[in-house]
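Written below as C-alpha cells is the structure these notes are about.
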Amino acid sequence: MKLYLLIPFLPLAAFVINILLGKEVLRDKAHWPSVLAVVGSFIVTITSVLPQAMAGKVINEDLYTWMLSGTFNVTVGFLIDPLTAVMLVVVTTCASLIHIYSVGYMHGDKGYYRFFAYLSLFTFFMLMLVMGNNFMQLYFGWEGVGLCSYFLIGYYLNKKSAADAGKKAFIVNRFGDFGFGIGVFMIFLTFGTLHYVPVFANAAGIAGQTVNFLGWNVDLPTLIALLLFCGAIGKSAQIPLHVWLPDAMEGPTPVSALIHAATMVTAGIFMVARCNPIFNLSEVAMNTVAIVGAATSLFAATIAITQNDIKRIIAYSTCSHLGLMFLACGVGAYAAGIFHLYTHAFFKALLFLAAGSVIHAVHTNDIQEMGGLKKYMPITYAVFVIAALSAAGIPGFSGFFSKDEIIWSAYASHSSVGKLVWLMATAVAFLTPFYTFRLIFLTFHGKYRGGHHEESHGHGAHHKEHHFHESPKIMTIPLILLAVGAVAAGWVGIPPILGGGAHFAKFLEPVLGHPEFHGTHAEEFGVMGLSTTIALIGIALAAFFYLKRTDLPKKLAEKFIGIYKISYNKYYIDELYDFTIVKPTMWIADKVLVAITDAKIIEGVVNGVPGAIGKFSEKLRKIQTGLAQHYGIFMAAGAFFTIALVLLLQ
Amino acid sequence: MVPLSWYMVLSMVVFAIGVFGFLSRKNVIIMFISIELMLNAVNINLISLSHYLQDMRGQILAFFVIAVAAAEAVIGLAIIIALFRNKATVHVDEVKEMQG
C-alpha cells in the first residue's frame, strides 16, 4: 500500500459515495464524505509526502499500464518531486479550507450533494494532474478539471447566464487544449515516450532541430513549447483566451475560490514550470510566455479598476496575477512563478471567500450597492484587508515576497524583453493595490448605498441594513486560517537580501533550476523600494478617490469617457469575438448546416430513398389487378416465351 | 391408319381452344370447362404418343389426369357455388378484391 495514493483517491471515493448516495441518503449531510476525504488528503500530504520531498526523496513509479500499442506505452504513474509537493500543499490546503467554508455557504441549497460530489471530483482530477509522471496523465487531469469547472460554473443550472458561462468556459478552453493536445503528440513523435523523465533528459538533444509543420520549417523546441503554451493560455485565462474567466464567476463563490483562483487556473503555470527543460531551449517561446503574461497582467488590471461586480474584479485580478506568474516563467524564474502561485492561492482564495461572505450577507454582487459593511462584518473586513495587502504586495505579507521576486527577476534578467515586462509588471504593481482597495473602500467603508429597491416597496434602507450579520463560524474559521496563510505563507521564501534563506527557491531548484541573474544589492533594493512605493501610492490614491473625494471618480470617468468606456467594457473583446467568431459560426450553422446540409442533403437522402421506393412500388402494384384472366395471360405468355426460348437455344 | 400428326394437331387445336376460352370468357363455369378442354388435349396427346411408342406409361398417366380432373371439378364447382352464394355472380371481373 502506497500511502500517497490516498491523496487523489480519497476525493474520488467521496465523489462516488456522494453521487450514489447523496440525493436520497446523505442529503444535508453530503458534505461529510467530501470534507473528510480532502482533509485526509491534506493530512497525508503534510505528514508523509512533504517530509519525504523535503528530505530530497523523489518518487517516480509506474503502477499500471494504461494503454499499450506497439511502442506507444502509457502508464498510470506518479512523480512526487519538490514541484509536485508544493502543488499538493497548495491544492490540499486550499481545497480543505474551501470545502469547510462551503458547508456554511451552500447550506440549504437544493443541489447540496451535487455540489460536494463535483467538488470532490474536481479535487481528484487536480491531484492527478499534479501527481502524474507522464503527459497523458497530465492531459487526463487537465481535461478532467476543465469538465468539473464546466459542471460547477453551471451549477445553478436553471439560470441561463450560468449555463452560458459554463459553455463559454468549456468552448474557449477547447481552443487552447487543441494546441496542447498537438503539443503532446509532438512530444511523443519526437521522444517516443510520454514520460517526463526521459523526455526532459533528452530535451537538450533536440535543440536546433527543425521540423516541417504545415509546410513551414520551424524550430522543434519552439514549436513544442508554443503548442504546450496554447493549452496554458486557455486554462490559465491569458490573452487572447481570457474571456471565460470573468464569466465563470456565475458559479458559486467557493468554486470561484478553489477552481478559478487557487488551483485549476494555475495548472498552466504548473505545466510550463514542469516543462521548463523544453521551454528553456527556445528563446522565442520564453519571450512569448513573458510578453503574453505581462500583457495579460496589465490588461486585466486596467479592466479591474472600473468594474462593479465584486467577483469580476477579483477574477480580473486573478487574470492579472496569473499573467505575473507567466511573466516570471518567461524570464526563466520558474521558482518565482511557482512561489507566486503558492502565495496567490492563499490570498486570492481568501479574497474570494471573503467576497462570498459579503455576498452571503447582502445578496448582491454590485459594489455600488454596498458600503459601510465594516461594522456589521468585522471578521470579513479584517481578512479582506489582509488579503488585499498581500495581493498589493505590501512588505511583510506573503504576496510581497513573491511579487517582488518576480519583478526583480524580470529586471535582473537583463534582456530587452525582461526590461519591457519589468516596466509592465511595475505598472501592475501600481494598479493592483488601487483596484483592490477601491473594492474595499466601496464595499466596507462609507455609507450603505443599497436598498433602493426596498424603499419603493415601503421598507427603509436602514431597516434592511440592520439585518446584516457576520457569517457563521464554519465560514469565518476557514477565512481566518487562510488569512494566516495570506500573511505567513510567503515567509518560507524571504530573499537573502532581507535576511531570509530563499528556502522556497532552493527547495525547487532540483526541478526548476536556478536562473542566471545579474544585479547588485543596491539595484535589488531599488527595484523593491520602487514597487513598494508605488503600491503604497496606489492604496493612497484609492483612499483619496473613494474615501475623501467620492465625487472625483465620477467626474474623472465623465471627463475621460472614452478611456473609461473601453475599460468598463473590457476592451470590447467579448464583442469582438462575438462579431468575428460567434456570429459567423452561428451564421454558418444556421444558413449552411441547417438550411443546406441538414435540410437538403441529409433530409434529402433520408426522405428521398424511401420516397423513391414508394413511388416505384406505387406503379408496380398496379400489376396486381385482381382479375384471374390477367394472371392467366401472364402465365400463358410466360410459358410461351420460356418454351420458345428453350426451343430457340437448342 | 390415322397418322400421329393428326392426333397431335387435334390435341393442339383443343388446347388452343381451351386457352382462348379461359382467357376470353368472364363466366367462371365456361372458364372451368376451358380448363377441362386443356386437360383433355393433354390426354389426347399422352394416349396417342403412348400408342405410337408402344409404351403403356402414357396411358397410365392419362388415367391419373382424369382422376385429378374429377377431383378438381368437385372442388372447383364447390368454390363456384360458394362464390355465387356470397356474390350472386359467376363473373370473374366482378371478383377482384385482390387487386393492388
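Under the condition of being aliphatic (A, V, I, L, M) and open to solvent by 70 Å² or more (accessible area, probe 1.4 Å), the residues counted in segment A:633-650 number 8.
Within segment A:18-41, residues that are under 12 Å from A:GLY111 (Cα atoms) have Cβ atoms under 7 Å from residues that are not in a helix (DSSP H, G or I) and not acidic (Asp, Glu) in these pairs: A:ASN18/A:ALA30; A:GLY22/A:ALA30, counting only partners at least 6 apart in sequence or on another chain.
Taking the stated definitions as given, is A:PHE175 open to solvent by 40 Å² or more (accessible area, probe 1.4 Å), more than 24 Å from A:VAL511 (Cα to Cα) and part of a helix (DSSP H, G or I)? Yes: the conditions hold for A:PHE175. Being among the acidic types (Asp, Glu) and away from every other protein chain (no Cβ under 11 Å): is that true of B:GLU36 here? Taking the combined requirement at face value, the residue satisfies it. When A:ILE394 is tested against (1) open to solvent by less than 30 Å² (accessible area, probe 1.4 Å); (2) within 20 Å of A:LEU341 (Cα to Cα); (3) assigned to a helix (DSSP H, G or I), exactly one condition is not met: (3). When each of B:MET8, B:MET31 is tested for being modelled with pLDDT of 90 or more and crowded, with 17+ Cβ neighbours inside 10 Å, the lone residue that passes is B:MET31. Looking only at segment A:423-470, residues that are modelled with pLDDT under 85 and either within 30 Å of A:SER102 (Cβ to Cβ) or not polar (S, T, N, Q) (or both) come to 24 in all. Residues in segment A:20-64 that are open to solvent by 80 Å² or more (accessible area, probe 1.4 Å), closer than 30 Å to A:ALA505 by Cα and assigned to a strand (DSSP E or B): A:ASP62 only. Between A:LEU223, A:LEU228, which is part of a helix (DSSP H, G or I), touching a strand residue (DSSP E or B) at 6+ places or on another chain (Cβ under 8 Å) and more than 19 Å from A:ALA391 (Cα to Cα)? Going through A:LEU223, A:LEU228 in turn, just one is part of a helix (DSSP H, G or I), touching a strand residue (DSSP E or B) at 6+ places or on another chain (Cβ under 8 Å) and more than 19 Å from A:ALA391 (Cα to Cα): A:LEU223. Has segment A:610-628 got any residue that is part of a helix (DSSP H, G or I), at pLDDT 90 or above and aliphatic (A, V, I, L, M)? Yes: segment A:610-628 contains one or more residues that are part of a helix (DSSP H, G or I), at pLDDT 90 or above and aliphatic (A, V, I, L, M). Taken over segment B:70-100, the criterion of being of a type in the set (A, V, I, L, M) and either more than 18 Å from B:ILE33 (Cβ to Cβ) or facing another protein chain (nearest Cβ under 10 Å) (or both) is satisfied by B:ALA82, B:ALA88, B:VAL92, B:VAL95, B:MET98. Of all the residues that make up segment A:598-632, how many are facing chain B (nearest Cβ under 9 Å) and open to solvent by 80 Å² or more (accessible area, probe 1.4 Å)? Adding up the residues that qualify gives 5.
Residues of segment A:151-172 that are among the aliphatic types (A, V, I, L, M) and either surrounded by fewer than 16 Cβ atoms within 10 Å (Cβ to Cβ) or without any contact (Cβ under 8 Å) to a residue 24 or more places away in the chain (or both): A:LEU157, A:ALA163, A:ILE171. Got a sec? Which of B:MET31, B:MET38, B:MET8 is in contact (Cβ under 8 Å) with a residue 12 or more places away in the chain and in contact with a Lys or Arg (Cβ under 7 Å, 6 or more places away or on another chain)? Going through B:MET31, B:MET38, B:MET8 in turn, just one is in contact (Cβ under 8 Å) with a residue 12 or more places away in the chain and in contact with a Lys or Arg (Cβ under 7 Å, 6 or more places away or on another chain): B:MET31.
Looking only at residues of segment A:230-250 that are among the β-branched types (Val, Ile, Thr) and surrounded by fewer than 24 Cβ atoms within 10 Å (Cβ to Cβ), we find that the one that is nearest to the chain's Cα centre (by Cα) is A:VAL243. Of all residues in segment A:526-549, those being loosely packed, with under 13 Cβ neighbours inside 10 Å and in contact (Cβ under 8 Å) with a residue 12 or more places away in the chain number 0. Residues considered: A:GLY500, A:GLY485. Of these, the only one that is surrounded by fewer than 18 Cβ atoms within 10 Å (Cβ to Cβ), within 28 Å of A:ALA55 (Cβ to Cβ) and either of a type outside the set (A, V, I, L, M) or touching a residue at least 60 places away in the same chain (Cβ under 8 Å) (or both) is A:GLY500. Among the residues of segment A:140-150, at least one is surrounded by 21 or more Cβ atoms within 10 Å (Cβ to Cβ) and in contact with a strand residue (DSSP E or B) (Cβ under 9 Å, 6 or more places away or on another chain). Of everything listed in (1) more than 15 Å from the chain's Cα centre (by Cα); (2) open to solvent by less than 10 Å² (accessible area, probe 1.4 Å); (3) within 27 Å of A:LYS473 (Cβ to Cβ); (4) not charged (D, E, K, R), the single unmet condition for A:THR93 is (2).
Of everything listed in (1) more than 14 Å from chain A (Cβ to nearest Cβ); (2) under 18 Å from A:TYR631 (Cα atoms), the single unmet condition for B:ARG57 is (2).
Whether any residue in segment A:390-398 is in contact with a Leu (Cβ under 7 Å, 6 or more places away or on another chain), within 30 Å of A:SER282 (Cβ to Cβ) and among the aromatic types (Phe, Trp, Tyr) is what I want to check. No, every residue in segment A:390-398 fails to be in contact with a Leu (Cβ under 7 Å, 6 or more places away or on another chain), within 30 Å of A:SER282 (Cβ to Cβ) and among the aromatic types (Phe, Trp, Tyr).
When the test is whether a residue is part of a helix (DSSP H, G or I), touching a helix residue (DSSP H, G or I) at 6+ places or on another chain (Cβ under 7 Å) and over 26 Å from A:TRP491 (Cα atoms), A:LYS348 does not pass it.
Given (1) within 22 Å of A:GLY268 (Cβ to Cβ); (2) open to solvent by 10 Å² or more (accessible area, probe 1.4 Å); (3) assigned to a helix (DSSP H, G or I), identify the lone condition not met by A:GLY332. Failing condition for A:GLY332: (3).
Any residue at all in segment A:558-578 that's of a type outside the set (Lys, Arg) and within 30 Å of B:VAL28 (Cβ to Cβ)? No, the conditions are met nowhere in segment A:558-578. The combined condition, being surrounded by 13 or more Cβ atoms within 10 Å (Cβ to Cβ), assigned to a helix (DSSP H, G or I), at pLDDT below 90 and of a type in the set (D, E, K, R), is fulfilled by A:GLU523. Answer yes or no as to whether B:ALA16 is under 13 Å from the mean Cα position of the chain (by Cα), surrounded by fewer than 15 Cβ atoms within 10 Å (Cβ to Cβ) and within 12 Å of chain A (Cβ to nearest Cβ). For B:ALA16, the condition - under 13 Å from the mean Cα position of the chain (by Cα), surrounded by fewer than 15 Cβ atoms within 10 Å (Cβ to Cβ) and within 12 Å of chain A (Cβ to nearest Cβ) - is met.
The values are calculated or read from the model by the stated rules, or taken from the named source; none is laboratory data. Values in this document were obtained by computation on a predicted structure and should not be read as measured data. Note that each Cβ is placed from the backbone with ideal geometry, even for glycine, and that neighbours are counted across all protein chains shown. For the accessible areas, the whole protein counts, side chains as well, though only heavy atoms, and no ligand, DNA or RNA atoms are used. Shrake-Rupley method; radii C 1.70, N 1.55, O 1.52, S 1.80 Å.
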